[in-house]
Every structure is written in structure tokens, then in C-alpha cells.
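One structure is given below, encoded as C-alpha cells.
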Amino acid sequence: MPSLSTSDSPAIHVRSSRRALLGYGLAGAALAAVRPATARATMSSPSPEGWRPWLLTSASELRPTTPAPPSADEIAEVLALQAKRTAATEDLVARWGARSAVLPWTELALELIAAHKPSPVRAGRALALLHTAVFDAVVATWDAKAAHRRAAPSTVDARIVPIGDATAGGSSFPSEHAAVAGTAATVLPSLFPDEPVDRLAALAEEAATSRLWAAACFGSDIDAGLALGRAVGERAVARGEADGSDRVWDGTGRPTGEGYWEPTPPAYLGPPLDPLAGTWQTWVLERGDQLRPAPPPTWGSPVWEAEMGAAREAVASRTAEQEAAVWFWAGTPGTVTPAGLWTEIARDLIVRDGLDLPHAARVLALTSVAMADAFICCWDAKYAYWVARPVTADPTLAVLIPTPPFPSYTSGHSTISAAAATVLGHLFPRDEAELVERAAEARQSRLWAGIHFPLDNEMGAVGGGLVGWLVVARAREDGMEVHG
């Protein structure tokens, strides 16, 4: 199925209201009780240097010292590169500057996720660490720009002609593209240690140097941006090293017997994946078990039998359209994973609306944090209850995709999709109904695939929706939004 359309028209027909995101009954009532009854934010926001960072204590914490005026050598360097411009260098400028500077690094992260195949919860963690670090680097860069207000090259010397997105206005110190590149090239090696560090460093150098070709800044602007970005990136690396994700499960605490998870046919993949992820450090939740749902129905009870019957019925009546949805949302190893699918949806909205770098970085940070905490919330529930998958009870069930090697209750897709749709619906209110519909489709796809019970999906959506609204509450207080 296609991702969100980059046009103004919806990519899919909207057939449901917000209730579709959460199902019915308890699920809908639970989210309605916590959704803020407040006005939408306007888009006329204060300047980014006043926004609240995630990793830094303040936007000014890493502010560089006042730069000296550009030297004659720096001016000569820009003029020399200007004289050597070719179609290839113009393409280079466009590659790193035609869209918000965070997007090439987001897309690289998604490529690395597909190539290195981290677990879904680790992919969500990676995107949150990268995007919060980039957001903080952008906020810190705008703080420095406002503090020092260094004139752009074309303002300093009329012979300099900027190209691409470079303009004569605004402060060039430090370079925001260099700051983003320095951040990403620092964070990504810690998340993908098997990826050659030299490749990532070379990409950062290319992204930064593209701004010289564009005549957007001087060499000292780039050096300051790279240094600032690396310093922010080191904060993200330090957080990642201390978030508990390196702890190794010792195999204890796993219940056995009827109704408890065990490797599933036909591949019988094991051991259970990331059983300690529910204990990882959270971003907006107080802890991973803060939103732990009530226990699922007792295995073999009448309620459980009804759930099993619903799973069988969904599989038996699966349509071609539903099968296509299953494959689109599958997020299996070797793809961008479910978190990556929602990141691509966020990217498409950013591109469609032409968001500038600060606003694009904010969208990606908020969405990624929501999914990271939703994953932690979900994994806490999975390993608190260790519920077996439907195919364990009925090996003849026509499961469409491989059943993942972790417990059934609650559904990760449902949880992170509700979280992402809630946050993106707040940030892009005219797309809210379609985002809700897409989250509903992602949720239902797990039932159609035969790998979840209906209650796994419904309760996952409750937890994800709650996480999403906690992130929205944080967004409303981050200094960007102006409320009426």
C-alpha cells in the first residue's frame, strides 16, 4: 500500500473516526479520558532558540564563543569554489540542501535499519536517539545564530553568489547543515557499530562542504557547526550507553505451561526477543510499566475462546485488500520496521508542507520519542504476561507472515501506530482523520495476518494513545506552540 500522499488529497478513503484508532468500549473511553481538551496550536511560533531541548539543559549550554570576522582567506575560498562549480557540485548542493537538512540523515538511518536488521524496539530506540539529538543540535545552532548574528558570505562580499537554498539573509554562524551532519555522524556509529565509521564521517564532511559550494557560509561556520553537532551527538551516545539497552537477559523469570509464549511454527524462532526492553530508560513515561494493562483473559476461558474464534474468523475471511495491508505494515527484518514506516509518513508530511529545518526536526523528534516509549510500554506488557500466540493454540491457523519471536499481548504495531498517529495528528491537524485510519489499518493488519488476538491490538492501541498524548502534552510546553 502507498505511504501518505504528498498531495493535498488523502491517500486512502477515510471511513472512520478517532474511535477507529482505539476500537470500542473501554479502549475509546480510556483515551477520551486523557485527551487534552485544549485549543490547537497556531503555526506562528517563537524562534527555535527558545525551544526546549531533549538532551541539553538549555539551548545555550554549548553556545560557541563569538567568531572573528571572516578572514580574507575564507572569502577567497568561497570565491574559488564558486568559480569551480559544475553540474556535479550543484547536484551535491541540492542533495543536502533541497529539503530540510535532517531528512537525508533520517533516510540514511532507515537504510541502516533495513541493512543491519535490529529488533523493532531497537529500531525505535535508534530513531529517537538520532532525532532528539538532531533537534537539540538545531535548537543550539539557532541559539548561536541569534547570539552572534554573523553575516552570510554574499552580504560580506558582493562578488559571492549563493545557489540552491542559500540566501543572503540570516546568520551563517554556525552552519546548521554542519551541525546536523556532525550530530548524525556521531550518533549513528553508536547505533550501528557494524557500519564503517569512515563512511559516515565522509558523508558528514560532504554535507558540510556542500554549504561552501552553495556559498551559504564560511569555513569557520562549518567548523563551528560540526563541533557543536558532535558535542550534542556525544550527549545522545552517553544517554544510549546508560539507558539499560545493553543489559543481557539471564533466562530467568520465564513462565512455562499452557498459554505461555513459546517459539511458534513453522520456523520456531527463538529465544524471545529483547525481554528486558520494558525496563529501558523512557523519554516521557516515568518508567516502562507505568501504563501496564490489566492481565489478558485466562487461557482456555470463555473470553479467551471468543478471542481465538475472532482470530480464526479474521484469517478465514481475509480479503485481498486486507492481505495487501498485512504485507505493507509487516515491518519484518530487512525492512525499515514499523517505526520506520511511520517515520516515512512523517517525512512525507514534512516534504509536502515544505517545513523548514527546525520544524522538521521537531516533528521527527516528537514522533520518534512517542514510538520509542510506546515500544517500551508494549514490551513491558509482553514480558509481564508472556501470552502465547494464536498459532500456538491452533497450528493449522493460516498465518500470512512469520509470527515474531516474542509474546502476543500487547501488539507492538498497534501500540506504536496509535502513538505516532496521535502525535502526527496533533502536528498536522488537517491530516488527523487519515492518520487515525492508517493506524487502524496497521492495528487490524496484525489480526488479519493471524499473529494476534483482537485484544492484543485493542489494548496496545490504548497504551500507544496514552503515550502519544503524553508526548503531545510535552509538545505543547516545548516553546514552539502558541495557543489560543
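Is it true that Glu61 is among the charged types (D, E, K, R), crowded, with 19+ Cβ neighbours inside 10 Å and in contact (Cβ under 8 Å) with a residue 24 or more places away in the chain?
Details: among the charged types (D, E, K, R): yes; crowded, with 19+ Cβ neighbours inside 10 Å: no; in contact (Cβ under 8 Å) with a residue 24 or more places away in the chain: yes.
Considered against the rule, which asks whether it is among the charged types (D, E, K, R), crowded, with 19+ Cβ neighbours inside 10 Å and in contact (Cβ under 8 Å) with a residue 24 or more places away in the chain, Glu61 comes out as no.
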Search result, residues across segment 175-203 that are of a type in the set (Gly, Ala, Ser) and crowded, with 24+ Cβ neighbours inside 10 Å: Ser175, Ala178, Ala179, Ala181, Gly182, Ala184, Ala185
Output for segment 73-96, where each listed residue is touching a residue at least 24 places away in the same chain (Cβ under 8 Å) and either of a type in the set (A, V, I, L, M, F, W, C) or not in a helix (DSSP H, G or I) (or both): Ile75, Val78, Leu79, Leu81, Arg85, Leu92, Val93, Ala94, Trp96
Extreme residue, farthest from Ile222 (Cα to Cα), among residues of segment 86-100 that are open to solvent by 50 Å² or more (accessible area, probe 1.4 Å) and not small (Gly, Ala, Ser): Thr86
When residues of segment 295-326 are limited to those that are touching a residue at least 60 places away in the same chain (Cβ under 8 Å) and part of a loop (DSSP other than H, G, I, E, B), the one most open to solvent (accessible area, probe 1.4 Å): Pro295
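Residue-by-condition table, conditions (1) hydrophobic (A, V, I, L, M, F, W, C); (2) surrounded by 13 or more Cβ atoms within 10 Å (Cβ to Cβ):
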site: Arg52; (1), (2): no, yes
site: Thr65; (1), (2): no, no
site: Leu79; (1), (2): yes, yes
site: Ala83; (1), (2): yes, no
site: Leu108; (1), (2): yes, yes
Residue match in segment 201-210 (condition: over 17 Å from Ala133 (Cβ atoms), among the polar types (S, T, N, Q) and out of contact with any helix residue (DSSP H, G or I) (no Cβ under 6 Å at 6 or more places or on another chain)): yes
Tally, over segment 111-134, of residues that are open to solvent by 10 Å² or more (accessible area, probe 1.4 Å), over 13 Å from Gly240 (Cβ atoms) and part of a helix (DSSP H, G or I): 5
2 or more residues within 26 Å of Leu112 (Cβ to Cβ): qualifying helices (runs of 4 or more DSSP H) within segment 153-265: 176-191, 197-213, 219-241
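The values are calculated or read from the model by the stated rules, or taken from the named source; none is laboratory data. Please read these numbers as outputs of a predicted model, since none were measured by experiment. Here the Cβ is made from the backbone with ideal geometry for all residues, glycine too, and neighbour counts use every protein chain on show. Heads up: the accessible areas ignore ligands, DNA and RNA and are worked out on the full protein's heavy atoms, side chains in. Shrake-Rupley method; radii C 1.70, N 1.55, O 1.52, S 1.80 Å.
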